[in-house]
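Colleague: This structure is in structure tokens; I'll ask about it shortly.
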Amino acid sequence: MLLRGKLPSVKSASPRQSVSGWTFRPTVELLEGRQVPASVKFAVIGDYGAAVTGPASFAAEQGVANLVKSWNPNFIVTVGDNNYANGSATTIDKNIGQFYSSFISPYTGNFGSGASTNKFWPAIGNHDWNSTAGYQPYLDYFQLPGNERYYTVARGPVQFFVLNSDPHEPDGTTPTSVQGLWLQTQLAASTALWKIVVVHHAPFSSGEHGSTTSMQWPFKQWGATAVLSGHDHDYERLWRNNMPYFVNGLGGDDVRPFKSIVAGSKVRYAGDYGAMLVVASDTQITFRFFTQTGTVIDNFRLKAPTLVTASTSSLTTESTAITVSSLMAAEETTGPATWETPAVRGLAGMEGPLPLVVTPSLPLPTEFHPGGKPWSHAGPSGIAEAEDHSTAPSWPLPNGLDERWFGHLVHGLQKV
């Protein structure tokens, strides 16, 4: 059973328990009040729109475009630098539409009829700014949501939050800027399983440009699953702040070597051009990087948190644990994840919190407060009654695990 979103509490089918005139039963709150859509397959390209700069870049962009089209993706996401060298209206169609017009709608360029619906979602890079026209060539060429410089779009189980990290962005590029506050609000409101931030300047990078500290926003804290970026002309996967960051800048412009290796760097490649293929479903999301010749350089997967069983039917004032069997998200790299499982405060009068025992057995660090708030003990006969659950818990969580999962897993005992 997949649990997401917010629906009214669903009572378990287990028998009710009664203690001193109080009847109680465990409840589980679903985290998403909708049917999860089918899987989606999308390509990610970056620093690619350089065909007009010379024969080598034209050939490289053509090779990557051929690779991407061979996948028959549902859509394409770019991490910026779509139009070298300076974002001009005279080069944009030759740099983009010449290779990807079949994904763009509406398309008014010279390379075919375009797509019936838009399947091309770009981010702005520094080479998309023109010193005379600003972002206007880019804004005229694409028809995108919101103000078009930064926007969000949802496809299947994925929601993308496309940012503009270019310093010319009028709404700012800091966490407290208009754009930053927009992202925080949008992530908080999202019910998508996978929340992907797309931005040109890499928050963390071992490449030529290095890390862009101004873009080291609290993405994980705000609810993001992963960050896709470019700017450095290489491929790198990093694990920082308990989430994956990707640098994907091998779409067509020149390949450049790495410089200083930063903390959290897991995979680095700067040997050939290529693109990412991402497949997302209701159970997992897989990120792969291929060279233009089809060689797999990286293969990385996150699993979705999935509740299997919650057995609380035999709770009494003498209970010592609530047993829950769960399959939850983790980084899958070279070995098993290290889990931290909370404890749930039990009935009043017990010694300490009532643990949440997970099968298989996992460590139990600290007391768990659903919704970040403690259980009250104001009910008759000492039966614990849950308080408000509207906020996520604040204690540290395991790799890849959304803070809301434990916060809405078990509500505990309700007066009925």
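The values are calculated or read from the model by the stated rules, or taken from the named source; none is laboratory data. Because the structure is a prediction, the values reported are computed rather than measured. We place every Cβ from the backbone using ideal geometry, glycine too, and count neighbours over all the protein chains shown.
Colleague: Given the conditions (1) free of Cβ contacts under 8 Å to residues at least 60 places away in the same chain; (2) within 15 Å of Gly230 (Cα to Cα); (3) within 19 Å of the chain's Cα centre (by Cα), which single one is not true for Phe258?
Modeller: In the conditions (1) free of Cβ contacts under 8 Å to residues at least 60 places away in the same chain; (2) within 15 Å of Gly230 (Cα to Cα); (3) within 19 Å of the chain's Cα centre (by Cα), Phe258 misses (3) alone.
Colleague: Sticking with this one: Residue by residue through segment 287-319, note down the ones that are outside any strand (DSSP E or B) and modelled with pLDDT under 50.
Modeller: Selection gives Thr312, Ser313, Ser314, Leu315, Thr316, Thr317, Glu318, Ser319.
Colleague: In contact (Cβ under 8 Å) with a residue 60 or more places away in the chain and surrounded by 17 or more Cβ atoms within 10 Å (Cβ to Cβ): does that describe Ile124?
Modeller: Criteria met by Ile124.
Colleague: Can you give me the number of residues within segment 73-111 that are in a loop (DSSP other than H, G, I, E, B), touching a strand residue (DSSP E or B) at 6+ places or on another chain (Cβ under 8 Å) and among the hydrophobic types (A, V, I, L, M, F, W, C)?
Modeller: So the count comes out to 3.
Colleague: May I ask you to list pairs of residues, at least six apart or on different chains, whose Cβ atoms are under 9 Å apart, with the first in segment 277-295 being of a type in the set (Lys, Arg) and the second being buried (at least 17 other Cβ atoms within 10 Å of the Cβ)?
Modeller: Pairs found: Arg288/Met276; Arg288/Leu277; Arg288/Val278; Arg288/Val279; Arg288/Ile297; Arg288/Asp298; Arg288/Phe300.
Colleague: Only one residue in Gln186, Gln221 is under 14 Å from the mean Cα position of the chain (by Cα) and modelled with pLDDT under 95. Which one?
Modeller: None of the others qualify; the one that does is Gln221.
Colleague: Kindly indicate the residue of segment 79-103 that is of a type in the set (Val, Ile, Thr) and without any contact (Cβ under 8 Å) to a residue 60 or more places away in the chain and also surrounded by the fewest Cβ atoms within 10 Å (Cβ to Cβ) among those meeting that condition.
Modeller: Thr90
Colleague: Looking only at segment 139-168, which residues are touching a residue at least 40 places away in the same chain (Cβ under 8 Å), of a type outside the set (Lys, Arg) and under 28 Å from Gly109 (Cα atoms)?
Modeller: Asp140, Tyr141, Phe160, Phe161, Val162, Leu163, Asn164, Ser165, Asp166
Colleague: Checking Gly134 against (1) small (Gly, Ala, Ser); (2) closer than 15 Å to Asn164 by Cβ; (3) crowded, with 16+ Cβ neighbours inside 10 Å; (4) more than 26 Å from the chain's Cα centre (by Cα), which test does it fail?
Modeller: Exception for Gly134: condition (3).
Colleague: What are the residues in segment 112-127 that are out of contact with any Leu (no Cβ under 9 Å at 6 or more places or on another chain) and assigned to a strand (DSSP E or B), if any?
Modeller: The one that is out of contact with any Leu (no Cβ under 9 Å at 6 or more places or on another chain) and assigned to a strand (DSSP E or B): Phe120.
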